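All remarks here apply to the structure that follows.
The values are calculated or read from the model by the stated rules, or taken from the named source; none is laboratory data. Not measured: the values here are computed from a predicted model. Methodologically, a virtual Cβ is constructed for each residue, glycine included, from the backbone with ideal geometry; neighbour enumeration extends over all protein chains shown. Quick note on the areas: whole protein, heavy atoms, side chains included, nothing else; ligands and nucleic acids left out. Shrake-Rupley method; radii C 1.70, N 1.55, O 1.52, S 1.80 Å.
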Amino acid sequence: MAERKRVRDKAHEHVRVAVIGSGFGGIGAAVRLRREGVTDFVVLERADAVGGTWRDNSYPGCACDVPSHLYSFSFAPNPDWPRTFSGQEHIWDYLERVADTFRLRPHIRLNTEVREARWNGERLLWELRTSQGHLTADVVVSATGPLSDPKTPDIPGLDTFPGKVFHSARWDHDYDLRGKRVAMIGTGASAIQIVPEIQRDVRRLTLFQRTPPWVMPRADRDITGAERWLHRQLPFTTRLRRGLLWGIRELQVQAFTKRPNELGLIESIAKRNMARAIKDPELRAKLTPTYRIGCKRILLSNSYYPALAQPHVDVVASGLAQVRGSTVVAADGTEAEVDAIVFGTGFHVTDMPIADRVVGDEGRTLMETWKDGMKALRGATAAGFPNFLTVIGPNTGLGNSSMILMIESQLNYLADYLRQLDVLGGRAALAPRPSAVGAWNRRVQERMKRTVWNTGGCTSWYLDENGVNTTVWPGTTTEFRTATRSVDLNEYEVLRPPAALPAARDGHKAEVSA
Ligand code: NAP
C-alpha cells in the first residue's frame, strides 16, 4: 500500500491510522497493518502496558474459558500453551510477546489516553486529543473492546461502607482477604472463577446471586511436554488442534442460533454437574436456573459448586440492594456483616464509554448516535463516522467460541478498507450509507429473533436497555468471515475534499462522489 508521508512538527503529527487500545483487537490490528505494508500508524494505549482486558483482570483464578489453542491469533500460534485453558498471566504474556515478535513497540504509545476523536469534514481526517497532545489521522480504528470499563452498580449507602470495596477487573492485590468476611456480588464468568479461589482464605463468604448461571464442567488439564514437543516439531499439529476446536464450536452454534429447543440435553449435563457437588436440596434449588441454557453465557468450572458447598460460604439468592455501614442488604432483606465487598458485576458493554468521546460528521457523538442502540455496518463502521472502524463492534460477540476469530475477520475488513482508499487515490474517505447500515442491522436482528439469546427467557448483558441484542453475532464465525472479506463500495459514499481545499474553510463539507 502506498504510504502517505507522515507530517511531523512540534505542534502537529499526522498518521495514516490511529488505533485506540492495545488488547487483542489493537495488537491484532497493528500486526495486520504492518503485514499490509502500512507502517505509518500509532497504537494509543491509556495504560502503561499492552494487554487490554488480560492486563486489567488479574483477579485470583482469572483464566480464559476458551481453549488457548483457539484463543490466540492464527498468525501467531503458540506451541507452548501450558494448559488447555490458560491463565491470565500466560495470555497477557502472549500478547506482550506478539508485540515484540511483530516489532510493534515503536508504534505503541503507552500512557496515552484518547480524550476526544473529532471528524474534520473539510480536511477529511480525524483530530485526536490525547493525554499526551494532539494528532490527526486519516483513519481511526477503535479497538477499546467491550470489557474495558468496569461497571459497578449504584448501590444506596455504598459510600457509608467502612471496609474495602473493589471490582473484579481492578483487583487490589495489596488487600489481604485472609480471615475477612467478604461479600461477592454477582455470579458471572468472573465471579465463578473468583469464588473458589478466595473461599479458601476468607473467614466467611456471602455470595449475592441475582440470577443463577448454568455451569458446565471444564475439561482443563496441563498440556503435556510431549504435546508441546509435537507442536514445536510439527507446526501443522497446532493448526490441526485449533481446527478441531474451531469446528466443534461451529457445529455447536447452530443449536444456539437456530434450534434452542435442542439445548435441553446440555441442561441435563449441567444439572448433573451441580448435583455431584451440591447435596443440599435447598441450595440446589437456589442454584438452578429457570431459563434456557445458553441464553446467558454458559460458564465452565469444576470448582465453583464445591466451593459453594463449603460451610463458611452462604448463597443469597437475591441482588445486593443496599449497604448500611458494614451491613450489606439484599433485595429480599437478607443481611450480612462484612469487611470487604468485591463487585463481579461486569462491564459497560452496550454503553461503551469511548463512544462518548468520538464526534462524527454532524458534531454528534457516537454515544448520541447510538442512543437507541448500537448499529454498525458489518460490525465495523457507523453512519456519520467516516473512516472510523470498530474492532469488536456491534453484533460481533460470540456466545460459544473464540473472539479472536471475529477480531481477525474484522482485520480482513480493515485491510480491504485501506486498500480501497488506496485505489481511490488522493484524499478520500468512506462514509457508510445509512441505508446500508440499516439493511445490515435489519438482517442481523431478523436472524436474532430465533436465537437462544432472544428466546431463552433471561436478561443478559447481550441486550441493551431497550432489550435489543446489539452485541452477539447470530451465526457462525465462517459466515462472519465471509461477510467481512471485502468492502462493498456500494455500501459507502466516497467523500472528497472540495476541489480547492482552501476554499472549503468557510464550513463547506466534503463533496460526495458516487
Ligand atoms: P457479567 O457476566 O456481566 O456478570 C455480572 C454479574 O453481576 C451478573 O451475575 C449480574 O447478575 C450480577 N449483578 C449485577 N448487579 C448485581 C447486584 N446488584 N447484585 C447481585 N448481582 C449483581 O460480568 P463478568 O462476570 O465480569 O463477565 C463479563 C464477561 O467477561 C463475560 O461474559 C465474558 O465475556 C468475559 N469473561 C470471560 C472470561 C473467560 O473465561 N473467557 C472470564 C471472565 C469474564 P444478573 O445475571 O442478574 O444480571
Within segment 332-369, tally of residues that are within 24 Å of T390 (Cα to Cα) and either within 16 Å of the ligand (Cβ to nearest atom) or touching a residue at least 24 places away in the same chain (Cβ under 8 Å) (or both): 14
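Looking at L263, L245 in this structure, which one is within 16 Å of the ligand (Cβ to nearest atom) and either modelled with pLDDT under 95 or part of a helix (DSSP H, G or I) (or both)? Lay out the reasoning, then the answer.
Numbers: L263 fails: within 16 Å of the ligand (Cβ to nearest atom).
None of the other options fit; the residue is L245.
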Residue within segment 389-410 that is among the β-branched types (V, I, T) and in contact with a Ser or Thr (Cβ under 6 Å, 6 or more places away or on another chain) present: yes
Total residues in segment 35-58, condition on the phi > 0 side of the Ramachandran plot and open to solvent by 30 Å² or more (accessible area, probe 1.4 Å): 1
Odd one out for V313, checked against (1) open to solvent by less than 30 Å² (accessible area, probe 1.4 Å); (2) within 14 Å of the ligand (Cβ to nearest atom): (2)
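Quick grid of which residues meet (1) open to solvent by 30 Å² or more (accessible area, probe 1.4 Å); (2) more than 14 Å from the ligand (Cβ to nearest atom); (3) under 24 Å from G188 (Cβ atoms):
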site: L251; (1), (2), (3): yes, yes, no
site: Q254; (1), (2), (3): yes, yes, no
site: N273; (1), (2), (3): no, yes, yes
site: C295; (1), (2), (3): no, no, yes
site: N302; (1), (2), (3): yes, no, yes
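For segment 423-508, please list each of the helices (runs of 4 or more DSSP H) lying entirely inside it that holds at least 2 residues being touching a Pro at 6+ places or on another chain (Cβ under 9 Å), modelled with pLDDT of 95 or more and more than 17 Å from S409 (Cβ to Cβ).
Per the criteria, 434-448, 452-455.
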Residue in segment 173-196 that is nearest to the chain's Cα centre (by Cα), counting only those that are over 15 Å from P153 (Cα atoms) and hydroxyl-bearing (S, T, Y): S190
Test set (1) away from the ligand (no atom under 14 Å from the Cβ); (2) in a loop (DSSP other than H, G, I, E, B); (3) farther than 18 Å from A143 by Cβ - S22 fails condition number: (3)
Residues (under 27 Å from I192 (Cα atoms) and in contact with a Ser or Thr (Cβ under 9 Å, 6 or more places away or on another chain)) located in segment 215-247: V215, M216, P217, R218, A219, D220, R221, D222, I223, R242, L245, W246
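For segment 410-436, name all the residues that are touching a residue at least 60 places away in the same chain (Cβ under 8 Å) and hydroxyl-bearing (S, T, Y).
Going through segment 410-436, the residues touching a residue at least 60 places away in the same chain (Cβ under 8 Å) turn out to be 410-422, 424, 426-433.
Those that are touching a residue at least 60 places away in the same chain (Cβ under 8 Å) and hydroxyl-bearing (S, T, Y): Y413, Y417.
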Residue match in segment 43-64 (condition: in contact with a strand residue (DSSP E or B) (Cβ under 6 Å, 6 or more places away or on another chain), assigned to a loop (DSSP other than H, G, I, E, B) and within 13 Å of the ligand (Cβ to nearest atom)): no
Tally of residues being among the β-branched types (V, I, T) and without any contact (Cβ under 8 Å) to a residue 60 or more places away in the chain across segment 82-138: 2
Residue ID - nearest to the ligand (Cβ to nearest atom), chosen from residues in segment 190-240 that are more than 25 Å from H167 (Cβ to Cβ) and hydroxyl-bearing (S, T, Y): T238
Boolean, I108 is under 27 Å from L230 (Cβ atoms), touching a helix residue (DSSP H, G or I) at 6+ places or on another chain (Cβ under 9 Å) and β-branched (V, I, T): no
Set R447, R485: member being in contact with an Asp or Glu (Cβ under 8 Å, 6 or more places away or on another chain), open to solvent by 20 Å² or more (accessible area, probe 1.4 Å) and not hydrophobic (A, V, I, L, M, F, W, C): R485
Tabulated pairs, segment 256-277, first closer than 23 Å to T451 by Cβ, second polar (S, T, N, Q) and assigned to a helix (DSSP H, G or I), C-beta under 7 angstrom, 6+ apart or interchain: P260/T455
Any hit, segment 165-188, residues being of a type in the set (K, R), open to solvent by 10 Å² or more (accessible area, probe 1.4 Å), within 14 Å of the ligand (Cβ to nearest atom) and more than 20 Å from K286 (Cα to Cα): yes
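Modelled with pLDDT of 95 or more and either within 16 Å of the ligand (Cβ to nearest atom) or outside any helix (DSSP H, G or I) (or both): is that true of M406 in this structure? Break it down into steps so the answer makes sense when it comes.
Working: modelled with pLDDT of 95 or more: yes; either within 16 Å of the ligand (Cβ to nearest atom) or outside any helix (DSSP H, G or I) (or both): yes.
Judged against the criteria, M406 is a match.
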